[in-house]
1. Keeping all protein chains in the complex and leaving out DNA, RNA and ligands, what accessible area do you get for Phe53 with a 1.4 Å probe, in Å² to the nearest 10?
2. Please report the accessible area of His87 (heavy atoms, 1.4 Å probe, ligands and nucleic acids excluded) in Å², nearest 10.
3. Leaving out ligands, DNA and RNA, and with a 1.4 Å probe, what % of the accessible surface on segment 23-133 is carbon or sulfur?
4. How large is ³J(HN,Hα), in whole Hz, for each residue of segment 58-64 in order, when computed from phi with the Karplus curve 6.51 cos²θ - 1.76 cosθ + 1.60 and θ = phi - 60°, using x for Gly and Pro?
5. Enter the per residue convex hull volume of segment 62-140, computed from alpha-carbon coordinates, in Å³ rounded to the nearest integer.
6. Would you mind getting the accessible area per residue of segment 4-92, heavy atoms of the protein chains only, 1.4 Å probe, in Å²?
7. For Arg34, tell me the accessible area in Å² from a 1.4 Å probe, rounded to the nearest 10.
8. Given contacts defined as C-alpha pairs under 8 Å and at least six residues apart, what's the relative contact order of segment 1-98, whole-number percent?
Amino acid sequence: MGTRTMAEAAAGGLVASMVMSSVRQLTTGLGLVRQTPPEAVLKQGAPSVLAKFSRQRRRALIELAHWLYGAAGGLAYTLVPPRLRRHPLTGPTYGLVLWLVFDKGVAPLLQLPHVERPSTVERLALLADHLVYGGIVSAALGQGALDRTSPQDSVPTARFGTDLVGDTAG
């Protein structure tokens, strides 16, 4: 995979995690989610790091960590075989898998609060934002976008976002 493709895959994951953060603002604002997973992970897993920052800066640090994790998720999506990336349900399925890894693996390992007091509404809200993330990653990187070849250098490239607006050039 070329550097350009990797950068575009990371950008796709970054944008998807930003949109996911917007969904989280809504679900936490409505009281459906008590604490976002990035906040819970950092508070449980790295409390000494968070303690060094003011409350406002902690929020920014938590958001940045979430975006970086999302970018890594975009890179990981490139490991999905191209023929599977073309299927419209692959993105949401990818989001579902990420949620299951968190809910059944990371959260219990770190003894996060939602594991001790499970709430169906909270879990459904977190599942929904992961489905949104997967759908956006798929829209940006799936359905053949990473499989195209640049006529200039014959290196596979993604054209992040252009498929979303109907650009068929290239």
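1. Around 80 Å² of this residue is reachable by solvent.
2. Roll a 1.4 Å probe over it and His87 shows about 90 Å².
3. Its accessible area is 66 percent carbon and sulfur atoms.
4. Result, ordered by residue: 4, 4, 5, 5, 4, 5, 4 Hz.
5. Cα convex hull per residue, to the nearest whole number: 95 Å³.
6. On the way: 5220 Å² over 89 residues.
Result: 59 Å² of accessible area for each residue.
7. It works out to around 130 Å².
8. 45 percent
The values are calculated or read from the model by the stated rules, or taken from the named source; none is laboratory data. Model, not experiment: these values are computed from the prediction. We work out accessible area using only protein heavy atoms, side chains counted, and drop any ligands, DNA or RNA first. Shrake-Rupley method; radii C 1.70, N 1.55, O 1.52, S 1.80 Å.
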